[in-house]
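What follows is a single structure, written as structure tokens, with notes after it.
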Amino acid sequence: MTQLLQQLVNGSVLGAQYALIALGYTMVYGIIQLINFAHGEIYMLGAFGGFTAYTYVIPHSLRGDALVVLPVVLVFAVAFSVTAAVLMERFAYRPLRNAPRLAPLITAIGVSISLQEAVRVFYPGGNRQQPFPSILSDRQFTVGGVSISLIAVFVVAVAISLMIALQTFVKASRTGRAMRATAQDPDTAKLMGVDTDRIIVITFVLGAILAASAGILQGMLIGQIDFRIGFIGGLKAFTAAVLGGIGNITGAVLGGFTLGIVEALATQYIPQGSAYKDVWAFVVLILVLVFRPTGLLGESVRSRS
Amino acid sequence: MTVAAARLGRAVTPFRLPLAALGFALVLAGVDLPWATFSGFPGLMTLSLYPGGAKAYCLILAVGFLLFVIPWDGRRGAALAALGGLAGTAALTLLAIAKDGGGLVNVSIGAWLTLLGGLFGVAAATGLPPDSPPRPWRRLAVPLEWLLIAAAYLAVLFALVVALNTADSPQFIAFLIAGVAAAVAVVRLGIGAAVRVLTDRHLRVATAVGLLVILAFPFTQNGSDYWLRVAASVGVFAAAAIGLNIVVGLAGLLDLGYIAFFGIGAYTAAFLSGANNSTIAVHLPFALVIVMGAVIAAVFGVIIGTPTLRLRGDYLAIVTLGFGEIFRLVMQNNPAHKTNGPNGIFGIPDLSAGGFQLGSSHEVFGVSLSNFANYYYLELVLVVVVMIVFSRLNSSRIGRAWVAIREDETAAAAMGINTINLKLLAFGIGAFLAGASGTINAHLTTQVSPDSYTFLQSVLLLAAVVLGGMGTIPGAVVGSALLIALPEKLRSFQDYRLLLYGIALILMMRFRPEGVIANRRRQREFHDEDASTPDALSAPPGSVVSR
């Protein structure tokens, strides 16, 4: 029983990060029906942005003070991710907005490979794993036999508050309303005076901010980053988005947590489960597509094509 | 930029002939004078009256100066390309000499003269009258047209052999610049289109000549193995790329786990061919193994495709990507102790057919052909079979249905096309061909291991298809040859290889999504906003055949 609870906790921590990245996939998909393969790389760049801030910007004497380190790391992470996202939208995706479907998908793969390789080749030490600071103290709590680290609590708390903030923004603000209008029907939205190009950029920026936060949280939790984390992280987050119903923001959050918990349980309870740690997400993805292609909360996916 | 060029052009027009003559004289003088003050730079650059290496490329491109006196359609663009290439080749070589020698003082007068001559030529070319689109090619006597086809293909083979024998990086880059410039010039003069029209008109002869050229390749290598090994890899890769081209280019389905089907074929061959550390002690004849590898891959393709192809194309991309990763991870985790985990299976024996050992060399016409040449020929058979499958499918009812699905799935379904079954068929055939190539590759490399079947390999195949041209056979072959052979030459860029592939994918999709060798229907699809593509205008009526 304790073991089950422990895995549920671990799964939620994992799922919180998947959810943060999945939101970027789902929002971009909702607006321009593009699977942005390079979104995983945005997340990876966020982690490297935070790492850059910690290693090269913050003086040694201040590194122990989480209240200084966290904001600086966050600002750098967001700056890296948002810059990459805005550039890729402007120069890679926007020119192809009316091209046949295959073109932007192939471009997205090209962007993804280029960003990974750019970090590997040009970032100092980018071809190896880099140690990421845990920033917060590594204190452990034990609640009813289940051990939880302070960082894990922080990860879930940050993730949930960001999701609430995003939900509020999309539901309540004027820009959020414009986003929803563009997602429903870009042409009509344009007629109603919505600057859809601007809305699309804002969508990429929001996704990048969430992904950058996920990048830092991942670094703090695991203590290591490398140029490959975006690939596998992005894939799992995409699975989470599909699981929840792609294009649906609440669905992405639900899908993220579900996938995290499924992965934690599968690793624990299926024989040889940990060797296949990265396989379970794909198994879930294929099962979802077979039995419920619209995802947990999605509307009909086919009608959009 | 264009305004400045036009202004320069107007200013230059009256003086273009003297300017060109001056440039020509400078280049002729430049290539006969030494380019470097120190020996050791490839191409014997210290000699006078010896146009070798980069000098030779400049001398060949200097033919572009003749365009000033021959009124040929498209000569302005061609002259700009040729002379710009000349200046570029000279400039690059000059810089490389300066870098090798440790400063510009080590560059001799010849290099400067050639560069200056090239620049004069470019300036003079801006003064040529603007180009009108090239006129359609006149019909000639049939044997003459055959000869032209043969000459064109031989020129390509010759360029290839020169390229392979060009030693080292700076000289090879000079060759690339000169080669691309020459190719652009030739295309601007309408010769590319003419070769294409001729090829269409005499498809059988063209195919036969092309085949002969490819068959002749091992005999140009003087028994050396290096490029035959590369060519053998290109062969395997090209067969897989044509298979992928059925999936991506014809049916418009993005398959990102294609290498997994290739891997399934390779592992099948490894298990069933009596490899040293195969965990299954079975040795079946190769003819059976290749069929089994292909069929098993196709079965997996159908299993993966059935649930996903009911949905939109985007899901297929991500599910195939996931499948590719699952395949690799499963092989790595050594299920039931059968796959030997990360080490893979090695010691896969060479093939033999009716007493003919593919693993040993043979003497043919006085040239010793090594094991790589044998595999090269075996793959040639595979590539030809795959090509026939591709072209027969393409011009069949099925092929037209695929194109309809690719262009508009809803409309295709409304026309009574069973979209799900046909997509599944494309996906299955693609997997089948990948499996077949995989079995041969296992014998060629004599080992299989999970690391050979990563996502990046799938991307590489996709890049070959996209770069070469989606939906065309020569496209997939040219793309594979470029992606496999170029890195062998550009060793100093090894680390940037994948970065450059990624950037190439982005740029191709942005500027030439139909690829280097365009399928005409596909080209229109990608450019339907500008209805009058140059290709549509220049093609004479009746020559537009669906390929």
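Here, each number is a calculation from the coordinates, and none is a lab measurement. No experiment lies behind these values; they were computed from the predicted model shown. FYI the Cβ positions are ideal-geometry reconstructions off the backbone, even for glycines, and counts take in every protein chain you see.
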Label points 7 Å out from Cα along the Cβ direction at B:ASP408 and B:ALA216: separation in nm? 4.8 nm
Computed lengthening from A:ALA66 to A:ILE164, 0.36 nm per intervening residue step minus Cα-Cα distance: 32.9 nm
Cross-link partners of B:LYS99 among lysines (Cα-Cα below 26 Å; sequence separation of 8 or more within a chain): B:LYS55, B:LYS489
Cα centroid of the range A:271-289 to Cα centroid of the range A:102-154, whole Å: 21 Å
For B:ALA36, what residues show an amide H to amide H distance below 5 Å, using hydrogens built from the backbone and excluding near sequence neighbours? B:THR46, B:SER108
Compute the signed sum of charges (Lys and Arg +1, Asp and Glu -1) over the other residues within less than 15 Å, Cβ to Cβ, of B:ALA431. 0
For A:ARG94, the net charge from surrounding residues (Cβ-Cβ under 11 Å; K, R +1; D, E -1) works out to +1
Gap in Å between the Cα centre of the range B:401-452 and the Cα centre of the range A:1-65? 35 Å
Subtracting the Cα-Cα distance from 0.36 nm times the residue separation, let me have the gained length for B:VAL302 to B:VAL162 in nm, one decimal. 45.9 nm
Kindly put A:ILE42, A:ILE200, B:ILE70, A:ILE109 in sequence by how many other C-beta atoms sit within 10 Å of each C-beta, fewest to most. B:ILE70, A:ILE200, A:ILE109, A:ILE42
Going from the fewest other Cβ atoms within 10 Å to the most, one would list A:ILE31, B:ILE109, B:ILE345 as B:ILE109, A:ILE31, B:ILE345
Any lysines with Cα under 29 Å of the B:LYS423 Cα? List them, leaving off those in the same chain fewer than 8 positions away. A:LYS236
Calculated FRET value between B:THR446 and B:VAL516, using beta carbons and R₀ = 22 Å, to 0.05: 0.10
Between B:LEU490 and B:LEU17, what is the label-to-label distance in nm when each label sits 7 Å out along the Cα-to-Cβ direction? 4.2 nm
When a/c reaches 1.5 or more, the comparison of a/b and b/c decides; with that in mind, is the range B:194-329 rounded, prolate or oblate per its Cα gyration tensor? oblate
Paired Rg and Dmax values of the protein assembly as shown, which use every Cα atom, in angstrom: 29.5, 94
Which whole-number percentage describes the relative contact order of chain A, with Cα contacts under 8 Å and a sequence gap of 6 or more? 35 percent
Taking placed amide H atoms and a strict 5 Å upper bound, the residues 5 or more places from A:SER149 or on another chain that come that close are A:PHE141
Given labels modelled 7 Å from the Cα in the Cβ direction, how far is it in nm from B:ALA98 to A:VAL290? 6.5 nm
